[in-house]
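**Q** Encoded as C-alpha cells, here's the structure I'll be asking about.
The values are calculated or read from the model by the stated rules, or taken from the named source; none is laboratory data. Being a predicted model, the structure only gives us computed values, none of them experimental. Every residue, glycine as well, gets a Cβ built from its backbone with ideal geometry; the counts of neighbours run over all protein chains shown.
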Amino acid sequence: MNRVIRINGTEWPADVPPTTPLSDFLREHAGLTGTKIGCRTGECGACTVLLDGRPVTSCLVWVARAWGRDVTTVEGLGDDQRLDPVQVAFLELNAAQCGFCIPGLLVSARALLDEAAARGWPPTALEVRERLSGHLCRCTGYQKIVEAVLKAAENGMKEMRLELG
Amino acid sequence: MSLGSVGRPWPQIDAVDKVRGRTRYAADMTLPGQLYGRILRSPVPHGIIRRIDTSRALKVPGVRAVITAADLPPNGPEGKGRVPFGPYVDDWEILCSDRVRYIGDEVAAVAAVSEEAAAEALELIEVEYEPLPAVFDMHEALEPGAPVLWPERPGNIASRFDIARGDLDAARRKAHLVLEERYSTNRIYHAYLEPIAVLAEAHPGDRYTLIAPTHIPYKARVTYARGLGIDPGKIRLIVPPMGGSFGAKYELNVCMIAMLLARKTGRPVKMVFDRAEDAAAGHHRPPLHFDIRLALDRDGRFLSKEVRIVATAGARTMWTPPVVATAAHRIDALYHFEAVRAEALLVYTNTSPTTCMRGFGNAEMLFAFEQMVDQAAEELGIDPVEIRKRNAVRAGDVTIHGWRIGSSALEECLDRVALLSGFSRRKPAPRHPPASGKARGLGLAIGHHVSGYRPILAEYDGSAAWVRLDMDGRLSVAVGEPDIGQGLNTVVAMIAADELGVSPSEIDVMPVDTAHSPAAVGTLGSRATIMAGAAVKAAARDFKKKLLAFAGELLGADPGELVLERGRVLWRRGGGESGEREGGPGASLTLAELGRRWAAAHTGSPLVGQGSYRPETVLPGPDKYGNPSPAYPFAAHVAEVEVDVETGAVEVVNYWAVHDSGRIINPSTATGQVQGGVAQGIGWALMEDVAIRGGRVENPNFLDYRIPGFQDVPPMTVEFVGESEPNSPTGVKSLGESALNPVLPAIANAVYNAVGVRIHDAPLTPEAVWRAIQRRREELAAAGKEREAQ
C-alpha cells in the first residue's frame, strides 16, 4: 500500500504508524490545524473531515484507512481567492461565534450540499438538522447554522439553474 | 449616522479566519522545542499524601521533568515559605502539599517530549494516600461532625453573604398571601467545545510568557503571580482566540503548573486537557439551594422576601463567592420589595471546585422566583403578565439597595412577547395531569442583569482604549477586554468605524496581550460591550481631533472645516473634488497619506487616540448600598413545551425572546447571543446534570453528559425593543447573560401550565417530571378518598 493521502487535492506522504489518528496526522504532520479536537471519542464532531467525500470523525479514523484516498479538510474549501459558498453563508449570517466547531460543520455541510446538488433539490431545515446532528455547538443555538446551510443551498441551486438555463 | 455600520447586521471581523480554519486556538500553536505537560490528579476524594515517588516516572524516555509540591517556589512573605492563595479565598496550592480534597486535585505534573511519554510517566508516579472521611453533599457538609476540608475554616464555610433592608415585620403584617418554597438548581458543565489548553514559556529573571484563555488577563496574572511568588508584571499573558468558555476559563491552576514545568525544563510547555479531564476537573456551575419566603398583598404586590441560600464551592474556592452574593440580592433590581433579607453560605465539599458561568447566581434565583411569581399569580387570580408589571422596576426607579434604573423597556418586552407567542391562548393549568398523550403548555418568565458590576475590581470601574494609525495607513483598536467568541471585537470595530468614517473591516482589533493592551477589568458581568465600546468611542474621538488638527496644519485649514469620511480627511467648505491640491477647499488627504506624514513628522510614531470610560457607579461599602452598574438590561421570554405524560419527557417546541438591551450595535451577533443563551438554558433545564457519586464525576463525556444538539433546540423568535440607554455613552446596555437568565423558569412555568405539576429542582428530566406527575395523581387520589370518607 502506498502510504500517501491526497489532502485537499495534494498528495501527502503519510508514513506514520498506521494507528495514528487521522486528526493527529492532519494537525501535527500536515500542519492543518483547522481540524479541531474536541473530545477524541467521536461525540462532538469538531474533527470532522471528508474521506472520499463522506464525513468522518477523524479522531476515530486510523491514518491507514486514509492511505490512497481523498481527504478534504476545512482548508480545502474554497481557494486563496474565493470562499466556498457555504463559507460565505456562514460568514454573512454570523453562524460562527467562537468558531471551534465550525470547520467540522463546514465540511459536513459541504457534503450535504453536494448530495443535494446531485439529486437536484435543496435540503429542508429538518433535513439539515438531522444530517448535522453529529456536531455539537455550545455558542449559537444552531439556528444561524441551519439558516446558513439553507442559504448556501439556495445560492448553489440558483447557480445551477443559471447553468441549465 | 445613516451610512454607519452600527445598527446593521455585520459579519464578525474575524469570521473569514474562522470559516477558513485559520483561527489559531491555544492547542493549535506549537513553539520550538515545546514539551507536553500532563497532570497527575488525585484518585481519592479526601486523603493525606503519605509518600510520593517520582523516580520511575523520571526514567521514562522523553520525560524532562516531574514536579510535586516540593518543587513549588516560595510565595510567602519576604519570599519565604509557601502560603495558600486564590482569587477570593486563599485555598489554592498549585500542587497539593499534604492533602488531597477531591478526585481530580492536582498532585504532580510531568513534562515530556510527547504526549505518550507524559502519559506513561503519570502512570509510574507512585503516591500513597491515607484516606480521610469525605463529604460530597453541601447540606451534609454543614452538619455538626461532618468531615472538615480546611481545618482553618471550621464548619466548611468558604464564604458567606448577608444583606437585609427594610422593616420585615411591618411588611409581613400587611401580607394577604405568604409563599414558602424550596428550590434547587444543579451542577452543570460549561461544555465549551475547546478543552482547556495553555502554553507557557519561562525566561530568565523569573519572567514568563503565558498563552492562555481567560476573560480577565490582568486579574488572572495577579493570582498566578501570587501563586508563583513573583511580581505580576513578570507574566506576559497573551489571550488567544477562545473556543468557548462561558465563565469557566477565568483563572486556571493549570496555567501555573505549565509555567513551573517550563521553568524546570527550560522549554516551552503545552498543556491540553482531554475531554474527560476537562469535564471532571475543569470547573462547574455550582449547585444552589434556595429557601424563599415571599409575602404579597391582595393585589399581588410584593411586600417582603426572605431568602436562605446554600451553595457548593467544591474543594477550593474559585469564583463562586460572587455567585452566591448575586443569587442573594440581584433579583432586588428586577422587582420592588418593601423589605428583604438574604443569607447565603458557600460550602466546601470533596468535589471539583465550582466557578462562575453565564448569568451566575441570577439565573438560579430566577428559576426559583419566577416560578413563585406564577404560583402567586394563580393563587391571587392575577394574570402572569400583570403581576410582573405591578412589581417590576421602571425607568428612573431607585431600588431598595440604591441601584439606579436608567432605562427599562420591560413592559414593552412583556407586551411584545405575549403578542408574538399568542400568550392569551394559554389555558389554565390542569388540576389533574392528563391521563395520557402529550400536553402542551406556555410559560412566561422575565429576567434582567447588570452591564458591568462595580465590585468586580476594587481599584476602578470602566475601561480604556486606544485607536492608532500607523505609517502604513493601518487603523487599529486596542482594548483589554478579550473577545470570547461573542463578537466583541466586531462591535468595537463598528463603533470605531462609525466615528472614523471607515468600514469596520478596515480596522484591526488587537489581540489582548498584557505586554501592550490597556489594563482591563475584563470580559465578565456583561460589561465588555458597554465598557470597552464606550472607551473606544472616546478614543476614536480623541484620535479624530488629533488627526484633523494635523491635517489642518498640512492643508492650511481650520480643523473645524475638515471632515473625516470614507477613509480620508476632506476640506469641506466650498469647492469641488480635488484630492491633488493642498491648501484649498475640496482638498483631501487619505488616512494612508496622513499616517505616513504623521510618522515622518513624529520620527516614526503612530498617531494614537486615547479614551476611557468611567461609569458613575458606587463601590458598595459594608452596608451594600449604592448603584453598582451603569445600566440594566431586561428580557421577557415565553417557552412552549410539549410534555409526554407517559414518559415525563419535555420538548421545547417554540420559543420567543424579547430583549431590552438598549441600543443594539450588531443585530446579527446580538440575535446569536440570545439564540445561544436560550439553547444553553434548554440544556440546563432539561438535559444537563453533572453526576457525582462518591466524589467521582460519572459522566465526563458528551455521550453521558448531553448538551443540546441540532434536534433539541426549536426555531426561536428573537426581538429587541427599547431605546438608547441614557447612562451609556454608546446607548448600549448588555445582553450576554440576560439571554440565558429567564430560560429555566420560562420552561418550568410552561411544564406547570401543561401538566399542572411544579418542578422545584432543576433539571426537569423525564424522570423528575414523571415522578412529579405520579405524586400529583396520588395526592389527588388521596384527597378524593378523604372526601368520600367524609
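**Q** Within the bounds of segment B:12-32, is there any residue that is under 30 Å from B:I664 (Cβ atoms) and polar (S, T, N, Q)?
**A** Checked against the condition, which is being under 30 Å from B:I664 (Cβ atoms) and polar (S, T, N, Q), segment B:12-32 yields at least one hit.
**Q** Pairs please, first residue from segment B:9-23 and more than 7 Å from chain A (Cβ to nearest Cβ) and under 15 Å from A:A148 (Cα atoms), second anywhere and hydroxyl-bearing (S, T, Y) and outside any loop (DSSP other than H, G, I, E, B), Cβ atoms under 7 Å, 6+ apart in sequence or on different chains.
**A** Short answer, once both residue conditions are applied: B:P9/B:S668; B:W10/B:T490; B:W10/B:S668.
**Q** If you go through segment B:447-459 one residue at a time, do you hit one that is more than 14 Å from chain A (Cβ to nearest Cβ) and part of a strand (DSSP E or B)?
**A** Yes; the residues of segment B:447-459 include at least one that is more than 14 Å from chain A (Cβ to nearest Cβ) and part of a strand (DSSP E or B).
**Q** Please work out which residue is farthest from the chain's Cα centre (by Cα), limiting yourself to segment B:691-706 and to residues that are in contact (Cβ under 8 Å) with a residue 24 or more places away in the chain and either more than 8 Å from chain A (Cβ to nearest Cβ) or buried (at least 24 other Cβ atoms within 10 Å of the Cβ) (or both).
**A** It comes out as B:G694.
**Q** Mind checking which residues of segment B:704-719 are of a type in the set (A, V, I, L, M, F, W, C), in contact with a Ser or Thr (Cβ under 7 Å, 6 or more places away or on another chain) and more than 13 Å from B:V678 (Cβ to Cβ)?
**A** Correct list: B:F710 only.
**Q** Just to check your reading of the model, which residue among B:E719, B:E688, B:E737 is closer than 29 Å to A:R129 by Cα, within 23 Å of the chain's Cα centre (by Cα) and either without any contact (Cβ under 8 Å) to a residue 12 or more places away in the chain or in a strand (DSSP E or B) (or both)?
**A** Result: B:E719 is the single residue among B:E719, B:E688, B:E737 that is closer than 29 Å to A:R129 by Cα, within 23 Å of the chain's Cα centre (by Cα) and either without any contact (Cβ under 8 Å) to a residue 12 or more places away in the chain or in a strand (DSSP E or B) (or both).
**Q** Check segment B:285-295 and report whether any residue there is more than 14 Å from chain A (Cβ to nearest Cβ), within 18 Å of the chain's Cα centre (by Cα), crowded, with 24+ Cβ neighbours inside 10 Å and within 19 Å of B:A220 (Cα to Cα).
**A** no
**Q** Could you say which residue among B:A435, B:A376 is aliphatic (A, V, I, L, M) and either touching an Asp or Glu at 6+ places or on another chain (Cβ under 7 Å) or modelled with pLDDT of 95 or more (or both)?
**A** B:A376
**Q** Considering every residue within segment B:659-668, establish whether at least one is surrounded by fewer than 24 Cβ atoms within 10 Å (Cβ to Cβ), at pLDDT 95 or above, in a helix (DSSP H, G or I) and facing chain A (nearest Cβ under 9 Å).
**A** Yes - at least one qualifying residue is present in segment B:659-668.
**Q** Exactly one of (1) more than 14 Å from chain A (Cβ to nearest Cβ); (2) within 30 Å of B:N627 (Cβ to Cβ); (3) outside any loop (DSSP other than H, G, I, E, B) is unmet by B:V643. Its number?
**A** (2)
**Q** Any residue in segment B:148-155 that is in a helix (DSSP H, G or I) and within 25 Å of B:W92 (Cα to Cα)?
**A** There is at least one residue in segment B:148-155 that is in a helix (DSSP H, G or I) and within 25 Å of B:W92 (Cα to Cα).
**Q** So for segment B:35-50 (the condition being within 14 Å of chain A (Cβ to nearest Cβ) and modelled with pLDDT of 95 or more), does at least one residue qualify?
**A** yes
**Q** Additional query: Tell me whether segment A:115-124 contains one or more residues that are in contact with a Leu (Cβ under 9 Å, 6 or more places away or on another chain), at pLDDT below 95 and more than 9 Å from every other protein chain (Cβ to nearest Cβ).
**A** yes
**Q** Still on this model: Can you confirm whether segment B:712-724 contains a residue that is modelled with pLDDT under 95, closer than 30 Å to B:G396 by Cβ and in contact with an Asp or Glu (Cβ under 6 Å, 6 or more places away or on another chain)?
**A** Looking for residues that are modelled with pLDDT under 95, closer than 30 Å to B:G396 by Cβ and in contact with an Asp or Glu (Cβ under 6 Å, 6 or more places away or on another chain), one finds at least one in segment B:712-724, hence yes.
**Q** Taking segment A:48-81 as the region of interest, how many residues are surrounded by 17 or more Cβ atoms within 10 Å (Cβ to Cβ), more than 9 Å from the chain's Cα centre (by Cα), of a type in the set (A, V, I, L, M, F, W, C) and within 14 Å of chain B (Cβ to nearest Cβ)?
**A** Result for segment A:48-81: 2.
**Q** Can you tell me which residue is surrounded by the most Cβ atoms within 10 Å (Cβ to Cβ) among those in segment B:707-718 that are of a type outside the set (A, V, I, L, M, F, W, C) and more than 7 Å from every other protein chain (Cβ to nearest Cβ)?
**A** Only one residue tops the list, namely B:P708.
**Q** Restricting to segment A:131-161, name every residue that is more than 23 Å from A:S58 (Cα to Cα), basic (K, R) and at the interface with chain B (Cβ under 10 Å from one of its Cβ atoms).
**A** Across segment A:131-161, the qualifying residue is only A:K144.
**Q** To continue, here is another question. Please tell me if B:A754 is small (G, A, S) and not in a loop (DSSP other than H, G, I, E, B).
**A** So B:A754 fits the description; yes.
**Q** Any residue at all in segment B:670-685 that's of a type in the set (S, T, Y), within 26 Å of A:C44 (Cβ to Cβ), in contact with a Pro (Cβ under 9 Å, 6 or more places away or on another chain) and facing chain A (nearest Cβ under 10 Å)?
**A** yes
**Q** Yes or no: B:T523 of a type in the set (S, T, N, Q), within 14 Å of chain A (Cβ to nearest Cβ) and in contact with a Leu (Cβ under 8 Å, 6 or more places away or on another chain)?
**A** For B:T523, the condition - of a type in the set (S, T, N, Q), within 14 Å of chain A (Cβ to nearest Cβ) and in contact with a Leu (Cβ under 8 Å, 6 or more places away or on another chain) - is met.
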